[in-house]
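Bear in mind these aren't lab numbers, they're just calculated from the coordinates by the rules spelled out. These numbers were taken from a predicted model, which means no experiment stands behind them. Cβ placement follows ideal geometry from the backbone for every residue including glycine, while neighbour counts extend to all protein chains displayed.
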Amino acid sequence: MQDKYNHLDVERDAQTHWTAADAYRVSEDANRKKYYACSMLPYPSGKLHMGHVRNYTINDMLTRHLRMKGYNVLMPMGWDAFGLPAENAALKNGVPPAKWTYDNIAYMKKQMQAMGLAIDWSREVATCDPDYYKWNQWLFLKMLEKGIAYRKTQVVNWDPVDQTVLANEQVIDGKGWRTGATVEKREIPGYYLKITDYAEELLDHVQTKLPGWPERVRLMQENWIGKSEGVRFAFLHEIRDASGALMGGGRMHVFTTRADTIMGVTFCAVAPEHPLAIHAAKGNSKLAAFIEECKAGGTTEAELATQEKKGVPTGLFVTHPLTGDKVEVWIGNYVLMSYGDGAVMGVPAHDERDFEFAKKYGLPIKQVTDVKGQTYSLDAWADWYADKQQGVAIHSGKYDGLGFKACVDAVAADLAAKGLGEKKITWRLRDWGVSRQRYWGTPIPIIHCTEHGAVPVPEKDLPVVLPQDCVPDGSGNPLHKHEGFHAGVTCPVCGKPARRETDTMDTFVDSSWYFMRYCDPKNDQQMVAEGADYWMPMDQYIGGIEHAILHLLYARFWTKVMRDLDLVKVDEPFTRLLTQGMVLNHIYSRKGDKGGKEYFWPHDVEHVLDDSGKVVGARLKHAVGDLPVGTAIDYEGVGTMSKSKNNGVDPQDLIEKYGADTARLYTMFTSPPEATLEWNDAGVEGSYRFLRRVWNFGVKLNAMNLEANGAGGTGAEAGFDKETKALRLDIHTVLKQVDYDYQRMQYNTVVSGTMKLLNALEDFKGVASPASVAALREGFSILLRCLYPATPHLTHALWAELGYAAQSGELLDAAWPEVDESALVQDEIELVLQVNGKLRGSVTVAAGADKAAIEAAALACEAFLKQAAGAPAKKVIVVPGRLVNIVI
């Protein structure tokens, strides 16, 4: 056994052993209880970051612990390999996205293996592999047959220079991120999935079938689905089109959740794409220009919520359905055509957005609800203006005095009596547009025929394979010009020459079911089969809070579609969810001469502190470029690790310097899994020192060279002296807590528990004997098993070196240690001794001593006699199991 801990040798040898034994390959076993634990699959960006390390170590600890508890545990891994970053890399480097992606996968897989993760690599999937995305295409065609998938026009961001569609995040101030050209809004055909057909079930199951999810994630899902109960009604009008026909049948519909404020309507606003807006803009250059301006703005609800509210009056009027008053129609840049009917009623007195709009354009504001004890003012918005719980109707005629619900019911009844409205439930959720005018994604399996239109690719011809030799050059989707992609394509209906669909699928499609493919990764005949029946639903899902809405929502929807197509038997894919905290580090920067910002690595910087020790700035401790030592720079606090801000920590550097076990231990010990972790180099070194201490104790124990009593053997209890019994009490007390902490996945306190175990072993001062050495060996075997899920390499080596493997099998499959309840039974207990309520020492008594025996022991102990100095005791107060207080 090596005297000194050499992490490089230890980790290399352990990984070689596990690889040779194919230690992590898992198969279905009906005789064992299964547990499926999965981390969200990574995008192969090139390198792992510490967030990856933390995420996968959490999963690994869970996997290893449960395997020791006898579970059949699956921990797979794959790659979310399609997407825009690969195309951007191709533009920058002139390398096909396929090569860039597969090179990155190979490097990141090597990094994962260096971490010693218990991954079953036989189940690895890459979403850019035709064997995988064939099933994206197959299920898409099944959804098309069922009417779940359908085709319609969609509004997109179009870069006229690059001739390509841009994602919302690629539009900066209305211009393309790469070309700077003014982005246009275009309507082009695309495919949608009817996720709205599942809205009610998705919402209901958030509330009834996801008790193992964090409450805030469930709330985020509920809000995104956005069930709203309200009233849809019509404003009548006489606006006619060029042919003289009434537009919309003479009705402009709106939906509102605040029908109780209908008497406060002072204007209406329509989306720039609304038919009334387009009609009004004909021959009106100001309106036409405003509509064009709106096309360059955002397309999402989040974007519209933050941008400046702008509007232009159309000169058109509609009629209030209850009062008969004329209401002016405006075009508003904050109204989305894709939500509701593309029109809203403006009630500025009781809607903050409408209030802002009305104040800006001098529109009337009419208060129609009131809260007792409050005074309404037009000067500034107050939250109570929108209070529907306490508000009662005023200035509303027959509705005056009614509360929210009663008023809504009355208004809805009156509108229904006029044939102008009805109660309705609407959803914030919109159907999922899956078409992307991009190259690096799953080809949509459609063939376009001049005679038969969009025709599905026959199932026998799947997969439609994406060419891997394209290098995007910024001039649009290269599939348009790829002759090999279109060569020989004929219409499946008539056999005439045709062209393939060049749109690809949203990458959320890839990540919506990969976890099911892990269950049957090599099945080329079925999307999922018996493996999914065995492993699903997933028992524990682990990933970042940034995926709390769309990825999880789409995965839930995809699962329900697969269920309805008789592919799986589960309603929900993930039983429990853990959203791990981000890894943070200090950020240091300096504005350059040209106004740009330069970031500095933390290892090149030292803090400047004020007299109280507070960080007030920073300076360079090493020369960086032309900047000398001592140059003042800005300290921006802590933030998420990022390559762009030079505050990341390369896991590979950390593994080479300290070892994977140190990296794993540090990320688990520093904070609970769900909390953020603030990086600290000193903390990393402290974790490494702890592992050296563990190794050194193993060396010391091995040197005793006494006959082993087995990994769990302790010898006859009669052979334990007082010190040895105290050691076993400490060991099993800590084990009980560690076991509990593992069950609740509080891995930071698990690690602190192993530190307590080592302290107890190191502090043992008893006489060396077969019984005491047996107790030490027992305690160390417990320490190794408790520590093993966090630091598998070091514990694997020590388990073998000290002979535990020869007696009980290798650590990977060792049984989880059981608490010996007899070790928790104490012969003696120590009670706090107080004299006149002040601490004066302690007194040791038999564990079963009665009150009289405790009093006698306390009155006879040296600590009391010294303090009393001969004074008699007036009273003795005994608090069982805790203290004795003697009053003199």
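Computed over the range 430-575, the P(r) tail beyond 24 angstrom holds 45 percent of alpha carbon pairs.
Compactness ratio for the range 828-887: Cα radius of gyration over 2.2 N^0.38 Å (N = residue count) comes to 0.98. Charges were assigned to the Cβ only: +1 to each Lys and Arg, -1 to each Asp and Glu. The resulting dipole of the range 67-151 about its Cα centre is roughly 180 debye. Sorting L41, L429 from the fewest to the most surrounding beta carbons within 10 angstrom yields L429, L41.
The alpha-carbon atoms of the range 773-832, seen along their principal axes, cover 43, 23, 18 angstrom, with the largest extent given first. For GluC sites (Glu not before Pro), the sites in the range 176-245 that DSSP calls loop and that have at most 16 other Cβ atoms within 10 Å are E238. Based on Cα contacts under 8 Å between residues 6+ apart, the range 583-640 shows a relative contact order of 38 percent. Under 5 Å from the amide H of K175 lie the amide H atoms of V183, each residue being 5 or more positions distant or on a separate chain, with H modelled from the backbone and absent for Pro and chain starts. Scalar couplings 3J(HN,Hα) for the range 68-84, obtained by applying the Karplus form with A = 6.51, B = -1.76, C = 1.60 to θ = phi - 60°, are 5, 7, x, 7, 8, 10, 10, 10, x, 8, x, 9, 7, 8, 8, x, 5 Hz; x denotes Gly and Pro.
Over what distance in Å are the Cα centres of the range 577-618 and the range 405-448 separated? First find each Cα centre; the distance between them is then 46 Å. Between the range 726-773 and the range 790-858, how far is it from one alpha carbon centroid to the other, in angstrom? So the two Cα centres are separated by 8 Å. Oblate is the label for the range 1-160, because the ratio a/c of its alpha-carbon gyration tensor axes (a ≥ b ≥ c) is 1.5 or higher and a/b is not greater than b/c. Counting only alpha carbon atoms, the long axis of helix 722-743 and the longest principal axis of the chain meet at about 10°. What net charge do the residues around F290 carry, taking every other residue with its C-beta under 15 Å from that of F290, with Lys and Arg at +1 and Asp and Glu at -1? Local net charge: +3. Think of the range 430-498 as having a plus end and a minus end, set by charges on the Cβ of Lys, Arg, Asp and Glu; of I446, V489, S435, S435 sits farthest toward the positive end of this dipole. For the chain, adding -39500 (n - 2.57) for each run of n ≥ 4 DSSP H residues and dividing by the number of residues yields -10500 deg cm²/dmol at 222 nm. Helix 851-860 sits at what angle to the longest principal axis of the chain, using alpha carbons and giving 0 to 90 degrees rounded to 10? Its long axis makes an angle of about 60 degrees.
Under 1.5 on a/c is rounded, so check that first for the range 229-425, then, if it is not, pick prolate when a/b is larger than b/c and oblate when it is not; a ≥ b ≥ c are the square roots of the alpha carbon gyration tensor eigenvalues. Verdict is oblate for the range 229-425.
Pull out a ≥ b ≥ c, the square roots of the eigenvalues of the alpha-carbon gyration tensor of the range 314-439, then state rounded if a/c is under 1.5, prolate if not and a/b is larger than b/c, and oblate in the remaining case. Let's see the in-between values first.
Working: a/c = 1.65, a/b = 1.43, b/c = 1.16.
Here the range 314-439 falls in the prolate category.
Each of W213, W18 was scored by other Cβ atoms within 10 Å of its Cβ. Arranged with the fewest first, they read W18, W213. In this simple spin-label model, placing a label point 7 Å from the Cα along the Cα-to-Cβ direction at both R25 and D681 gives a separation of 4.4 nm. For V608, the residues whose amide H sits under 5 Å from its own are V616, G617, A618, R619, ignoring neighbours fewer than 5 places away on the same chain, with H placed 1.01 Å from N.
In summary, the convex hull built on the alpha carbon positions of the range 663-824 has an orientation-averaged projected area of 9.1 nm².
Calculate how steeply helix 770-787 sits against the longest principal axis of the alpha-carbon atoms of the chain, using the helix alpha-carbon long axis, and give the answer as 0 to 90 degrees to the nearest 10. With rounding to tens, the tilt is 10 degrees.
Taking Cα centre as origin and charging only the Cβ of basic (Lys, Arg, +1) and acidic (Asp, Glu, -1) residues, the dipole magnitude of the chain rounds to 1060 debye.
Here the contact order of the range 318-451, divided by its residue count and restricted to Cα pairs under 8 Å and six or more residues apart, works out to 14 percent. Rounded to whole numbers, the Karplus 3J(HN,Hα) couplings from phi for the range 197-205 are 5, 9, 4, 4, 5, 4, 5, 4, 6 Hz, using 6.51 cos²θ - 1.76 cosθ + 1.60 with θ = phi - 60°, and x at Gly and Pro. The alpha-carbon positions of the chain define a convex hull whose volume is 265 Å³ per residue. Within the set of other residues whose C-beta is less than 10 Å from the C-beta of L91, count the net charge using Lys and Arg as +1 and Asp and Glu as -1. For residues surrounding L91, the net value is -1. Count the net charge of all other residues whose Cβ sits under 9 Å from the Cβ of R258, scoring Lys and Arg as +1 and Asp and Glu as -1. Net charge around R258: -1.
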